[in-house]
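Enquirer: To start, I am sharing the structure in question, which I have written as C-alpha cells.
Laboratory data are not the source of any read-out in this text; all were calculated from the coordinates shown. This one's a predicted model, so the numbers in the text were calculated from it and none came from an experiment. Using ideal geometry, Cβ is built from the backbone for each residue, glycine included, and neighbour counts are taken over all protein chains shown.
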Amino acid sequence: MEKRKFIELKKEEYGIKEYIKKSLGKGKISKLDIEYTPVGEKIIISATKPGLVIGKKGEKIEELTEVLKNKFKLENPHIEIKEIKNPLFDAQIVADEIAMNLEKMGNLKFKVIAYKRLQEIMNAGALGCEIRISGKLPSDRAKSWRFAEGYLKKSGESRKEVDRAKTTALTKTGMIGVKVSILPPEAKICDRIEINEEIKNRIKSLEYKEDEKDNIKEKNIKTKKRKNKKE
C-alpha cells in the first residue's frame with residue numbers, strides 16, 4: 001500500500017511539474033520542487049526572469065494557484081519564485097534555448113547553434129561543458145553529435161557537481177534530442193588544486209629577502225678579496 005501511495009504521489013508531482021512548464025513556456029523555468037508542509041504545498045520555481053512568470057500584479061501566479069486547487073486538488077498551494085543568477089550555468093535553461101533555436105532556425109544549423117552556446121558558457125567561466133544533439137539532423141539517418149570543451153567529471157563524487165539536463169525539439173524532420181552537462185566554476189573537485197594567494201605572496205617575499213641576503217654576502221666577499229689584494 002505504501003509503495004502504491006508513493007507511486008501515485010510521484011505521478012501527481014510529475015503531472016504538476018509538466019503542467020507548470022507547459023503553461024509558463026519553454027526556456028523560462030529551470031528547476032521545480034514541491035515541498036509538503038503542515039500549512040499546505042510549497043512549489044518552488046527557479047526562473048531566469050521572475051517578472052515574466054509572476055505577470056502583472058501577480059495575475060499568472062493567481063491563475064496557476066486556482067488551476068492547482070481545482071485540477072490537481074491541492075489544498076493550499078503556495079508558489080515561490082527563485083531567480084537564476086547566471087542562466088549560462090543552468091543546464092536546463094541552456095538545453096531549452098538550444099531546442100527553441102533548432103525549432104526556429106532549423107536543424108541544418110545545429111552546429112552553429114551548439115558551438116555558439118558552448119563558447120558563451122566557457123567564456124562565462126565554466127570549467128567544462130558538453131552538448132549532445134541526436135536525431136535526423138543533416139541526413140535521413142539518426143545520428144548523435146557531441147560538442148565539448150574543458151573539464152567534465154563523469155565518475156566519482158565530483159560527478160554530482162555537474163549540472164545535467166535534457167529536452168526535445170520538434171522540427172520538420174522529426175524529434176531532436178538535446179542533452180547538456182555543465183561544470184560550474186564554483187564546483188568542488190577532489191583532484192583540483194587551489195593555491196592560497198596570501199601564502200604564495202609570503203613565500204615570494206621570503207625568497208626575495210633570501211636573495212637580498214645572498215647578494216649582500218657576495219658583495220662583502222668581493223670587498224674582502226679586493227682589500228686582501230691591495231694589502
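Enquirer: Would you mind checking LYS21/LYS111; LYS17/LYS49; LYS26/LYS172; LYS5/LYS28; LYS57/LYS116; LYS5/LYS85 for any pair whose Cα atoms are more than 25 angstrom apart?
Expert: Checking Cα-Cα distances, LYS21/LYS111; LYS5/LYS28; LYS57/LYS116; LYS5/LYS85 exceed 25 Å.
Enquirer: With respect to the cross-link table entries LYS31/LYS60; LYS42/LYS154; LYS3/LYS143; LYS82/LYS109, which display a Cα-Cα separation exceeding 27 Å?
Expert: As for pairs spanning more than 27 Å Cα to Cα, those are LYS42/LYS154; LYS3/LYS143; LYS82/LYS109.
Enquirer: If you take every DSSP beta bridge whose two residues both sit in the stretch 1-118, what share of them, in percent to the nearest 5, is antiparallel?
Expert: Here the antiparallel bridges make up roughly 45 percent for the stretch 1-118.
Enquirer: How much mean residue ellipticity at 222 nm does the chain get from its helices, if each DSSP H run of length 4 or more adds -39500 (n - 2.57) and you divide by all residues, to the nearest 500 deg cm²/dmol?
Expert: Rounded to the nearest 500, the figure is -15000 deg cm²/dmol.
Enquirer: Over 30 Å between Cα atoms, which of LYS56/LYS160; LYS22/LYS56; LYS22/LYS153 qualify?
Expert: Flagged as over cut-off: LYS56/LYS160; LYS22/LYS153.
Enquirer: Another question about this same structure. With charges only on Cβ, +1 for K and R and -1 for D and E, what is the dipole size of the chain about its Cα centre, in debye, rounded to 20?
Expert: 1300 debye
Enquirer: Based on DSSP, what percent of beta bridges with both residues in the chain are antiparallel, to the nearest 5?
Expert: The answer is about 80 percent antiparallel.
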